[in-house]
Ligand SMILES: C[S@@+](CC[C@H](N)C(=O)[O-])C[C@H]1O[C@@H](n2cnc3c(N)ncnc32)[C@H](O)[C@@H]1O
C-alpha cells in the first residue's frame with residue numbers, strides 16, 4: 001500500500017483527527033498502529049498520551065454529541081415499574097464529551113458510566129470533568145468514569161443491568177483491526193446480556209448497512225436464542241462519508257426457540 005493510501009485509510013478511520021499533523025510530528029508509527037491495532041490497549045494508551053496537552057480538548061471520533069443527540073435523548077424514558085435511575089454506558093468513551101453531555105442534558109435521572117480500556121483516557125476525563133462543573137438537568141444524576149475492558153462487561157455489571165449502551169467508533173475500531181473481529185463479536189454478546197430487555201445498544205458507524213446489519217443479526221444471537229432485532233437510521237453525511245446509527249434491541253424474553 002502506498003503512503004498516500006495508508007494515509008487515506010487512516011484518515012477515514014480516524015474521523016476528525018488531522019493525520020497530516022500527526023505525520024508532521026513524526027508519529028507515523030502511531031498511525032500504522034492505529035490502522036492495524038485499534039483493538040489493543042497499548043495503541044490507545046499511546047494515542048491518548050501523544051495527543052494530550054496541558055490544554056485538554058475532547059477528541060471526537062466521527063462527530064460529537066450534537067450530531068447524535070436526537071438518536072439518544074428519546075430513549076431516556078424513566079422506568080415504569082421502579083424508581084431506579086436509568087443506567088447508560090458509553091462503551092469505549094475515549095476522551096469524547098458524549099457521556100458527559102448525556103449526563104448534562106438528560107431530563108430524567110441517569111447514571112452515566114463512561115468506560116474505556118485505556119487508563120490514560122479515563123484519567124484525562126476524570127481530571128477534565130473534575131476541573132469543570134457540569135450541572136445536570138436532573139439534580140440526582142451521576143457521572144462516573146471507569147477503566148474497563150468491555151469484554152469483561154458482563155462480569156462487571158451483571159445481567160439485565162443497563163438501559164442504554166452507546167458505542168461511537170469502538171466496535172468499528174475492533175472490527176477494523178487485524179486481530180479484532182473475534183473481540184467485536186464477543187463484545188456485542190456481552191452488551192446484549194448486560195442490557196435489560198427494554199434496553200438498547202446504539203452503534204454509530206460508517207459501515208454500510210449491507211454489512212453491519214447482517215453482522216449484528218448474526219453476532220447478536222446466542223446458540224438456541226432468537227436473534228436480536230436490529231434497525232438502522234442514517235445519521236448524515238460528513239466530509240463525504242455517510243454515517244449510520246444501528247439500534248439493537250435484545251430479544252424481549254430471551255426465550256428459547
Ligand atoms: C475509535 S475510539 C472512539 C472513542 C470515543 N467513543 C469517541 O467517540 O471519540 C475507540 C475507543 O475504544 C477504546 N477501546 C478499544 N478496545 C476496548 C475494549 N476492549 N474495552 C473498552 N474500550 C476499548 C479505545 O481505548 C478508544 O478510546
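The values are calculated or read from the model by the stated rules, or taken from the named source; none is laboratory data. Please read all numbers here as calculations on a predicted model, not as lab measurements. Neighbour counts are summed over all protein chains in view; Cβ atoms, including those assigned to glycine, are modelled from backbone coordinates with ideal geometry.
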- Considering segment 69-101 alone, what residues qualify as being crowded, with 21+ Cβ neighbours inside 10 Å and closer than 13 Å to residue 200 by Cβ? 72, 86, 88, 89, 91
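Only residues that are closer than 23 Å to residue 42 by Cβ and in a loop (DSSP other than H, G, I, E, B): list them for segment 131-190, please. I'd like the intermediate steps shown before the answer.
Initial filter on segment 131-190 (closer than 23 Å to residue 42 by Cβ): 145-153, 155-156, 167-187, 190.
Result: 148, 149, 169, 176, 177, 178, 179, 180.
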- Qualifying positions in segment 1-57 - away from the ligand (no atom under 13 Å from the Cβ), in a helix (DSSP H, G or I) and at pLDDT 50 or above: 11, 28, 29, 30, 31, 32, 36, 50
